[in-house]
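Structure first, then comments.
Bear in mind these aren't lab numbers, they're just calculated from the coordinates by the rules spelled out. On a predicted model such as this, the values are computed, not experimentally measured, just so you know. Cβ atoms come from the backbone with ideal geometry, glycine included; neighbour counts cover every protein chain shown.
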Amino acid sequence: MKRVTVNTNSAGLVYKKKELKRVLTAGNYWLGFGEEMEVYDLSKTFIASTELDVLLLNTDFRELVTVVEVRDNQIALVYQNANFKQVLTAGKYAFWKGLNNYSFITADLSKYEITETIDKNTLERSQLLAFIKAFKVEAHETGLMLVDGNFEKVLSPGNYIFWKNSTVIQVLKTDLRQLSMEIIGQEILTKDKAQLRINFSIRYKVVDAIKALLENKEFEKQLYVIIQLGLREFIGKMTFDELMENKDKISESVLSISAEKAKTLGVILLDCGVKDIVLPGDIKDIMNQVLIAEKKAQANLITRREETASTRSLLNTAKLMEDNAMLYKLKEMEYVEKIAEKINNISLSGSGQIVDQLKQIFVK
């Protein structure tokens, strides 16, 4: 015989030859020959050392526990005193009654939608990550939900959580903000076979996500090709000189050519423009020569105009002096004065008639 004590909030399972004989609650007891007791804390999860189904054959044990059975394709969420505690997968479980208040939510994993009343914060716990699929659609995005490859519905911005199972769920997303695209280094021949390299830019916006993501494959690549072909169509119809004179019309024309085609992609074109027109080296040299020749011609024209004006002024002055002797003499003295300014020394030679000679120069 052996005397044992079972404390409050504990339970004892008495075995004999590994067979459950009786269940003891708080108190003092005697164990018979060959009997052994396992003591369990009622505040903790029950973990049996023998098969639970065998223990449940005992009526006393069955009255002390709550049994939860989880089938295949199911999980059970365990709440202890209204707080989430753990997740149970397929199997049979027992929880002690009395000390803690347990509640359970059984979820069916064979369906992808979460119809059970489970708080989202609980679904994001680490214990549940292995059982869920999570998707996030940002505020500037729209999403398309596909189930096993079939379109299901449009998803507005938010967080979406589904049960993880054999059902394949995809969420295709696209940005609804204004977007830009660069068409870089397009080498295009003009009507007169001049080769140009053009850098072009467009701004666009997705307005129909179903067309963009479902009805078209890689709509951005298709939009790139549409703009590229629009550029080639417009530039290919113009000569080099016409293109240089009408550069501002390239954007307008490409926009009108491509707008309707872009709508079939679920996209509207907002605006576009030419960033650069790069000329080949030989054409660039020719353009420089033409520019230099034009500037020289302009310079020559200005020179000729100035010469003509100067000649006309001299002619007018000559006519005035012809009609006015005093004006002629003043002009003559003006030139003598200018000559005198250049003279540093005067050497006199000859007879004493220098003064008379000077008088003849300056006095009529």
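Could you tally the net charge around MET37, taking each other residue with its Cβ under 12 Å from the Cβ of MET37, Lys/Arg +1 and Asp/Glu -1?
Combined, the nearby Lys, Arg, Asp and Glu give +2.
With axes computed from alpha carbons, what is the tilt in degrees of helix 249-263 against the longest principal axis of the chain, rounded to the nearest 10 within 0 to 90?
Taking the Cα atoms of the chain, the angle to 249-263 is about 20 degrees.
Taking a cut-off of 16 Å between Cα atoms, list the lysines near LYS193, but don't count ones fewer than 8 places away on the same chain.
List returned: LYS237, LYS284.
Are there GluC sites (Glu not before Pro) in segment 45-152 that DSSP puts in a loop and that have at most 15 other Cβ atoms within 10 Å, and which ones?
When the GluC sites (Glu not before Pro) of segment 45-152 are filtered for loop state and at most 15 Cβ neighbours within 10 Å, GLU51, GLU113, GLU116, GLU124, GLU138 remain.
At a 10 Å Cβ-Cβ cut-off, how would you order PHE219, PHE104, fewest neighbours first?
Going from least to most buried by this count: PHE104, PHE219.
Only one of the values (i) 32.4; (ii) 22.3; (iii) 20.9 was calculated from this structure for Kirkwood radius over Cα pairs in Å; name its label.
(i)
Are any of the pairs LYS136/LYS217; LYS136/LYS211; LYS16/LYS44; LYS136/LYS261; LYS205/LYS249 more than 29 Å apart by Cα-Cα distance, and if so, which?
LYS136/LYS261
For segment 92-157, which trypsin sites (Lys or Arg not before Pro) are both in a DSSP coil and crowded by at most 15 other Cβ atoms within 10 Å?
Here the trypsin sites (Lys or Arg not before Pro) that fit, given the DSSP loop and packing criteria, are LYS97, LYS111, ARG125.
In straight Cα distance, which aspartates and glutamates are under 17 Å from LYS296, not counting same-chain residues fewer than 8 positions off?
Those aspartates and glutamates meeting the cut-off are ASP285, GLU306, GLU307.
Kindly rank 239-249, 164-174 from highest to lowest mean number of other beta carbons found within 10 Å of each residue.
Order by mean packing, descending: 164-174, 239-249.
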